[in-house]
1. In the range 25-33, is there at least one residue being over 22 Å from L152 (Cβ atoms), among the acidic types (D, E), in contact with a Ser or Thr (Cβ under 9 Å, 6 or more places away or on another chain) and buried (at least 18 other Cβ atoms within 10 Å of the Cβ)?
2. V229: within 25 Å of S187 (Cβ to Cβ), buried (at least 24 other Cβ atoms within 10 Å of the Cβ) and in contact (Cβ under 8 Å) with a residue 60 or more places away in the chain, yes or no?
3. Within the set of pairs 6 or more residues apart or between chains, which connect a residue that is farther than 15 Å from A143 by Cα inside the range 105-122 to a residue that is among the hydroxyl-bearing types (S, T, Y) with Cβ atoms less than 6 Å apart?
4. Within the range 113-138, which residues are buried (at least 24 other Cβ atoms within 10 Å of the Cβ) and either at positive phi or in a loop (DSSP other than H, G, I, E, B) (or both)?
5. Within the range 257-273, does at least one residue satisfy the condition of being within 19 Å of the chain's Cα centre (by Cα), of a type in the set (A, V, I, L, M) and over 19 Å from D199 (Cβ atoms)?
6. Can you tell me which residue among L19, L81 is in contact with a strand residue (DSSP E or B) (Cβ under 7 Å, 6 or more places away or on another chain), farther than 19 Å from A135 by Cβ and in contact (Cβ under 8 Å) with a residue 24 or more places away in the chain?
7. Anything in the range 145-173 that is touching a strand residue (DSSP E or B) at 6+ places or on another chain (Cβ under 8 Å), of a type outside the set (D, E, K, R), more than 19 Å from V216 (Cα to Cα) and surrounded by 18 or more Cβ atoms within 10 Å (Cβ to Cβ)? List them, or say none.
8. Can you tell me which residue in the range 81-96 is surrounded by the most Cβ atoms within 10 Å (Cβ to Cβ), limited to those that are in a helix (DSSP H, G or I) and of a type outside the set (S, T, Y)?
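Quick note: the coordinates plus some simple rules give every number you see, no bench work behind them. Predicted, not measured: the structure shown is a model, and the values here were computed from it. Cβ: placed from backbone, ideal geometry, glycine included. Neighbour counts: every protein chain shown.
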Amino acid sequence: MIDTSALAGLGVALATPFLPRGAGSEEPAVDYAAFAALARRAAAGGADFLVVLGSTGEAATVLPEERERLVAEARAAAPGLPLVVGAGSNSTAAARELAARAAAAGADALLVVTPYYNKPQPAGLEAHFRSVVAASGGLPTIAYNVPGRTGLNLLPADLARLWAIPELVAVKESSGSLAQIGEIARSLPKGKLLLAGDDALALPSIAVGASGLVSVAANLLPAEMKALVEAALGGRAAEARARHAALLPLMDALFAETNPVPLKAALAIQGLCSDAVRLPLVAANEATRARLRSALAGLVAARLAA
């Protein structure tokens, strides 16, 4: 069982690269070599933990047999890092199955999104998380609040109820509301962690009490995102603001379309994998690609000028 503190700092929400889409109608296959390379790159760049099969990893369209191999590839690529595996569904039975399989595959912790579509009551939310945790054998669990995707906002009062679950050790907060993030930080029980779930809000989230960030941009720039998180956590305000300002155009561009569509385009621009995504997502439009190229070029120019 990992120490909860191992889930602080920089977590990288790994993309799931796919091989280039062919002319047929079949969905693109997973590019395991590119995925392992992304995991190694994140580890070398200073990631504190890796997240596999989250929203950025297109977990909703990854098949069960692909999930298990992705967990194994991440473990082999970065054996020293804690491995957090997504195990979320709107069906508690399905989430239990995902949690059990993640535990069997070697997950150190789970990322469990709030159930989408069903709109459960607070008691249902608590029962869901308790059931999923039990199915995993008691793995440390991060609740994932992303109301833009789920239609359900895990409010501070709801989260206070979930904190009674011993294995629920952290929340990944992607509501986009600094007021909500601040209230969660203010009322955070001892031993529990608040993690920023949006790159662009990492700095203010840490300022009010978050212990780290689960990052999309770190697929592209792990060392730079690590430096931002370290500066923020270390109280080096001027440095953190400067790093945030430099990275903000890229962080914003990565959400010009649905994540991970722009990320896949940026990874392709950098030659790290193809831009293929699985339906119902489609590849980024040209305006997004131009914005990404401009943001990446600006970062290169800033480095050369430094």
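1. To start, the set of residues in the range 25-33 that are over 22 Å from L152 (Cβ atoms) comprises 25-33.
The next check asks that each one be among the acidic types (D, E); those that pass are 26-27, 31.
Checking which are in contact with a Ser or Thr (Cβ under 9 Å, 6 or more places away or on another chain) leaves us with 27, 31.
Next, from what is left, pick out any that are buried (at least 18 other Cβ atoms within 10 Å of the Cβ): 31.
Yes - at least one qualifying residue is present in the range 25-33.
2. On the way: within 25 Å of S187 (Cβ to Cβ): yes; buried (at least 24 other Cβ atoms within 10 Å of the Cβ): yes; in contact (Cβ under 8 Å) with a residue 60 or more places away in the chain: yes.
It is true that V229 is within 25 Å of S187 (Cβ to Cβ), buried (at least 24 other Cβ atoms within 10 Å of the Cβ) and in contact (Cβ under 8 Å) with a residue 60 or more places away in the chain.
3. Correct list of pairs: empty, since none qualify.
4. Within the range 113-138, T114, S136 qualify.
5. The first filter runs over the range 257-273 and keeps only residues within 19 Å of the chain's Cα centre (by Cα), leaving 257-267, 272-273.
Restricting the remaining residues to those that are of a type in the set (A, V, I, L, M) gives 261, 263, 265-267, 272.
Pick out the ones that are also over 19 Å from D199 (Cβ atoms) and you get none.
Within the range 257-273, not a single residue is within 19 Å of the chain's Cα centre (by Cα), of a type in the set (A, V, I, L, M) and over 19 Å from D199 (Cβ atoms).
6. Working: L19 fails: in contact with a strand residue (DSSP E or B) (Cβ under 7 Å, 6 or more places away or on another chain).
One residue alone meets the criteria, L81.
7. Restricting attention to the range 145-173, the residues satisfying the condition of being touching a strand residue (DSSP E or B) at 6+ places or on another chain (Cβ under 8 Å) are 145-146, 149-150, 153-154, 159, 162, 165, 167-173.
The next check asks that each one be of a type outside the set (D, E, K, R); those that pass are 145-146, 150, 153-154, 159, 162, 165, 168-171.
From the residues that got through so far, the ones that are more than 19 Å from V216 (Cα to Cα) too are 153-154, 159, 162, 165, 168-169.
The answer is L154, L159, L162, L168, V169.
8. If we filter the range 81-96 for residues that are in a helix (DSSP H, G or I), which is where we start, we get 92-96.
Adding the requirement that they be of a type outside the set (S, T, Y) leaves 93-96.
Values: A93: 11, A94: 14, A95: 24, R96: 19.
Only one residue fits best here, namely A95.
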